[in-house]
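What follows is a set of notes on a single structure, which appears directly below.
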Amino acid sequence: MAAEGGAKARDALDALTKVCGDVRPGEPEEGVLGVVPGVVAAPATSAEAAEVMRTAAELGLAVVPRGAETRLDWGAPPARCDVLVDTARLDQVVEHAAGDLVVTAEAGLDTGRLAEVLAERGQRLALDAPLPGSTVGGTIATAAAGPLRLLYGTPRDLVIGLTVIRADGRVARSGGKVVKNVAGYDLGRLFSGSYGTLGLIVEATFRLHPIPAAQAYITCDLTDATRAYEAVQAVLHSPAVPSAVEVVSSSQDGLTLGVLLEGVPEGVAARTEQVSALLGAAGTQVRTAQEPPEWWGAYPDGTTLIDVTAPPSALATLLEHRTEGVSLSWSAAGHGYLGLTPEADPAGTLARVREDLGGRHNGAAVVRYTPEAVRNEIDLWGPVPAFSLMRRVKEQFDPENRLSPGRFVGGL
Amino acid sequence: MESPALQALARRCERLLGTEAVISDPVRLRTYDCDGLTTHRATPGLVVLPESAEQIAAIVRACAEAGIPYVARGSGTGLSGGALPRTDGVLIVTSRMRRILEIDIANRRAVVEPGVINLDVSRAARPYGYYFAPDPSSQQICSVGGNVAENSGGAHCLKYGFTAHHVLACEIVTPDGEITELAAGGPGYDLLGVFVGAEGTLGITTKITVRLTRLPETVQTLLAAFGSIEAGGTAVSAIIGAGMVPAAIEMMDALSIEAAEAAVDCGYPPGAGAVLIVELDGPAAEVEHQFGEVERLCREAGAFEIRVAADDAERALIWKGRKSAFAAVGRISPAYLVQDGVIPRTSLPGVLAGIDALSAESGVRVANVFHAGDGNLHPLVLFDDAEHGAAERAEEVSGKILDLCIEHGGSITGEHGVGVDKSRYMPRMFTETDLDTMQMVRCGFDPAGLCNPGKVFPTPRLCGEVPGFRKGVHPLVEQGKAEQF
């Protein structure tokens, strides 16, 4: 078996070396959740990436994409990983059309580097990077976003064009480089959060926003869940148009609310007063700063991360699950995270959260990462509505089940 | 309705829905022969008026069993023929599904049936200080289900985005006739993201959860008159370049102003080569500051008159000319085509010069109305349908305008959709592989190809085939019944 695998890896190495300038055997420490790749290929161009994918198709190799590894431990381990496609060399800003507020970037580009380039022209991609160093492609593949999701959404809302390499090695584009565009299906949204199971993302075009001239972070500590819920609702329904409203809790008692306001200096000043008054009415001490508090946009601590999607009012329910070893961050957009230490009984907490969310809020809880022992006893994804449609779409895009096989819901 | 299969289906639908919800009388069928794109017509084989998701599922199952194609239709206001019926198929009209099921202010969302009128959602939410942001110009009559199918935009999508950004979940009937829910942000693929804007080719939506948006504290609107389109374009670039995201920036050229004046007497400044409507909304302190900037930038770009709306009535007056522009063109031309190309905003001067040249060369007049903020052009190509060959010439100019848009890196449609009208232009914008890849999604949802067939894509994909590794010729191709890429 090992000899057979070795021969396959050697064949793959030989064939891939002919089409890609940077190919080498995989190292044990490069395992994707423990699954060591046979070969690591780092194409320098989209064309080279297409050749890698075509060669993998010819040889029937399973392919797993890798960006900056910030979320490589998310999801389930791949059933096979013959080739790890490293996007590190696909790191160019292809075009920043500042006048059109649009940028096209390669998949392996560091989102932090992208932000620097855009900032030179006073612009930004309005997505937070909760894990610094994450790439453009990885951000889309995991649908990663932070507090700004309240006003600007997630990758699905900001990707306006996408180039992917299909399982058969062909290059396919959808969307374009204009914001307003309804020509054809929007594969940018389909690929957002698809975990490398539908194709290799090589290039993306994003809608941009101007960097606001001023910003203010308004924070206050709250004593109990009811207060927190009411404060969030008060800010949410005010006309202040916050860019973000976050609630964090790192223990059973402490609860902190943070509101981000962005705009012109005069506007931010006036709105800061408005929001401070709303929060102060609850009798709490309100702080204002131009810089984010240190917890802003970070995932809660813990060895298990649960990703929750539910209506904003589910906050009250989630807060009931704060027990020892459970930290929480919640965006008023209707999305949050629970961070669990091993002592917090991850499997039990997950089951209780799912029952409450599903029953009371039509919400969902997905485990992003957790220790192997926990992973083996739980269902990472929970109930998946429309799964049969998903399976059929996967079968169309990847009929031989070679793209990150088993990484995604229901073994897709 | 000569086909025995359709007759059998009609009887089955009558049993399912009651006779009064099934239309098979030829005269009544003809009233459904087109949507907002009246140049394409086809009398449906059968029309059904279901009242529930279960009824739609039953109809779809019956169609699937009989191999009969079906098309869903909301209010029929679409401008690309997305709801054009099939003579050999069923038209499923959702106009009886008009209940607003829930207004949930705590969660800033509403749940509605697909036939609910766009504006009615906002009317229901307004007492609570909320509204439904997508505002296609047909919003007084178009349905939310249609908005979902077309991913409708509107004048204010520059700031607020399209329907896709405001739909949180859809209950759908799949082409298998099953009822399922697609939601944003849940586990698994973002099927909702691809369903919205798929022009009814992936299934029929039966219940929609939409996001409600807080009504802005302040709205400020101005109208600026310029000597030329170029000057107006300069103002647009300056406003965007200053880091502002107005709620809307609309432009009209001299010919469309002339038409609007003739139709609704909107009283725009005489002698204007272009007018610009700029609307800012949001927190009062923000808007006040930025509005002054907009005025200044318009003057710098050469605006010779600026009118600021003092109240809602004056704002309505400013918008009146713009909102009536399409219909108004009827006053200056017996017939016209509405185009819907998109270009990168910075290409505006080059593309407008190109349209002028096309117009001069062909002798076909073109009035320009556009969502200038996002580069969405609505050139109105004027012609006299009584004149022999005029329609063809207009169609040719219209197509060349799309070529111009594509050359400049734009799109063939910004908000009207592809439908039947533009499927033939899709290969100009996308490669065969691009289109083939999109249709993989369709094959996943609708392998039999019965759900609104013949829309969006110029050539249907054979769903049984494994992509990329075709061995031999598909039997349908051999028989000359289908084409393969």
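The values are calculated or read from the model by the stated rules, or taken from the named source; none is laboratory data. Because the structure is a prediction, the values reported are computed rather than measured. Backbone-built Cβ (ideal geometry, glycine too); neighbour counts: all protein chains shown.
Every listed requirement among (1) modelled with pLDDT of 95 or more; (2) more than 8 Å from chain B (Cβ to nearest Cβ) is met by A:GLN396 save one, (2). Among the conditions (1) touching a helix residue (DSSP H, G or I) at 6+ places or on another chain (Cβ under 6 Å); (2) at pLDDT below 95; (3) part of a loop (DSSP other than H, G, I, E, B), the only one that A:TYR229 does not satisfy is (3). Within the range A:261-283, is there a residue that is within 13 Å of another protein chain (Cβ to nearest Cβ) and within 29 Å of A:THR70 (Cβ to Cβ)? The answer is yes, given that some residue of the range A:261-283 is within 13 Å of another protein chain (Cβ to nearest Cβ) and within 29 Å of A:THR70 (Cβ to Cβ).
What's the number of the only condition in (1) of a type in the set (Asp, Glu); (2) surrounded by 20 or more Cβ atoms within 10 Å (Cβ to Cβ); (3) within 12 Å of chain B (Cβ to nearest Cβ) that A:GLU246 fails to meet? For A:GLU246, the failing item is (3). Taken together, the residues in the range B:328-348 that are part of a helix (DSSP H, G or I) and touching a helix residue (DSSP H, G or I) at 6+ places or on another chain (Cβ under 7 Å) amount to 6.
Checked against (1) more than 30 Å from A:PRO265 (Cα to Cα); (2) without any contact (Cβ under 8 Å) to a residue 60 or more places away in the chain, B:ALA263 meets all criteria but (2). State yes or no: is B:ARG99 charged (D, E, K, R) and touching a residue at least 24 places away in the same chain (Cβ under 8 Å)? Against the criterion (charged (D, E, K, R) and touching a residue at least 24 places away in the same chain (Cβ under 8 Å)), B:ARG99 does not qualify.
A search for C-beta distances below 7 Å between a residue of the range A:145-174 that is more than 10 Å from every other protein chain (Cβ to nearest Cβ) and touching a residue at least 60 places away in the same chain (Cβ under 8 Å) and any residue that is in a strand (DSSP E or B) and among the polar types (S, T, N, Q), counting only pairs 6+ apart in sequence or on different chains, returns A:PRO147/A:SER331; A:LEU150/A:SER331.
Yes or no, residue by residue, for (1) more than 14 Å from B:GLN220 (Cβ to Cβ); (2) touching a Cys at 6+ places or on another chain (Cβ under 9 Å); (3) surrounded by fewer than 18 Cβ atoms within 10 Å (Cβ to Cβ):
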{"residue": "B:ALA259", "(1), (2), (3)": "yes, no, no"}
{"residue": "B:ASP265", "(1), (2), (3)": "yes, no, yes"}
{"residue": "B:GLY271", "(1), (2), (3)": "yes, no, yes"}
{"residue": "B:ALA285", "(1), (2), (3)": "no, no, no"}
{"residue": "B:ASP312", "(1), (2), (3)": "no, no, yes"}
{"residue": "B:ALA327", "(1), (2), (3)": "yes, no, yes"}
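Looking only at residues in the range A:360-393 that are away from every other protein chain (no Cβ under 11 Å) and of a type in the set (Ser, Thr, Tyr), the one that is surrounded by the most Cβ atoms within 10 Å (Cβ to Cβ) is A:THR370.
State yes or no: is B:PRO127 within 10 Å of another protein chain (Cβ to nearest Cβ), without any contact (Cβ under 8 Å) to a residue 12 or more places away in the chain and either over 27 Å from A:ILE306 (Cα atoms) or in contact with a Phe, Trp or Tyr (Cβ under 6 Å, 6 or more places away or on another chain) (or both)? No. Do the conditions hold for A:PRO212, that is, is it surrounded by 24 or more Cβ atoms within 10 Å (Cβ to Cβ) and in contact (Cβ under 8 Å) with a residue 12 or more places away in the chain? No; evaluated as a whole, the condition is false for this residue. Consider the range A:288-298 and keep the residues that are of a type outside the set (A, V, I, L, M) and either assigned to a loop (DSSP other than H, G, I, E, B) or out of contact with any helix residue (DSSP H, G or I) (no Cβ under 9 Å at 6 or more places or on another chain) (or both). The one that is surrounded by the most Cβ atoms within 10 Å (Cβ to Cβ) is A:GLY297. The single residue among A:GLY161, A:GLY184 that is part of a loop (DSSP other than H, G, I, E, B) and either closer than 19 Å to A:LEU90 by Cα or not acidic (Asp, Glu) (or both) turns out to be A:GLY184.
Hey, can you tell me all the residues within the range B:326-376 that are aliphatic (A, V, I, L, M) and in contact with a His (Cβ under 8 Å, 6 or more places away or on another chain)? Across the range B:326-376, the qualifying residues are B:VAL338, B:ILE343, B:VAL351, B:VAL369.
Residues being surrounded by 21 or more Cβ atoms within 10 Å (Cβ to Cβ), at pLDDT below 95 and part of a helix (DSSP H, G or I) are entirely absent from the range B:165-175. For the range B:350-379, residues that are closer than 16 Å to B:ASP403 by Cα and touching a residue at least 24 places away in the same chain (Cβ under 8 Å) total 14. Part of a strand (DSSP E or B), more than 12 Å from chain B (Cβ to nearest Cβ) and under 30 Å from B:GLY146 (Cβ atoms), is that true of A:ALA204? Considered against the rule, which asks whether it is part of a strand (DSSP E or B), more than 12 Å from chain B (Cβ to nearest Cβ) and under 30 Å from B:GLY146 (Cβ atoms), A:ALA204 comes out as yes. Taking the criterion of being within 16 Å of B:ALA57 (Cα to Cα) and of a type in the set (A, V, I, L, M, F, W, C), the residues of the range B:70-111 that qualify are B:VAL71, B:ALA72, B:VAL90, B:LEU91, B:ILE92, B:VAL93, B:MET97. Within the group B:ARG428, B:ARG424, B:ARG442, which residue is more than 11 Å from every other protein chain (Cβ to nearest Cβ) and either at pLDDT 70 or above or in a helix (DSSP H, G or I) (or both)? Only one candidate passes the filter, namely B:ARG424.
The residue of the range B:176-190 that is surrounded by the fewest Cβ atoms within 10 Å (Cβ to Cβ), among those that are facing chain A (nearest Cβ under 7 Å) and of a type in the set (Asp, Glu), is B:GLU181. Of all the residues in the range A:299-328, those that are within 20 Å of A:PRO371 (Cα to Cα), more than 14 Å from chain B (Cβ to nearest Cβ) and either assigned to a loop (DSSP other than H, G, I, E, B) or of a type in the set (D, E, K, R) (or both) number 8.
In the range A:344-359, the count of residues that are facing another protein chain (nearest Cβ under 10 Å) and either part of a loop (DSSP other than H, G, I, E, B) or within 18 Å of the chain's Cα centre (by Cα) (or both) is zero.
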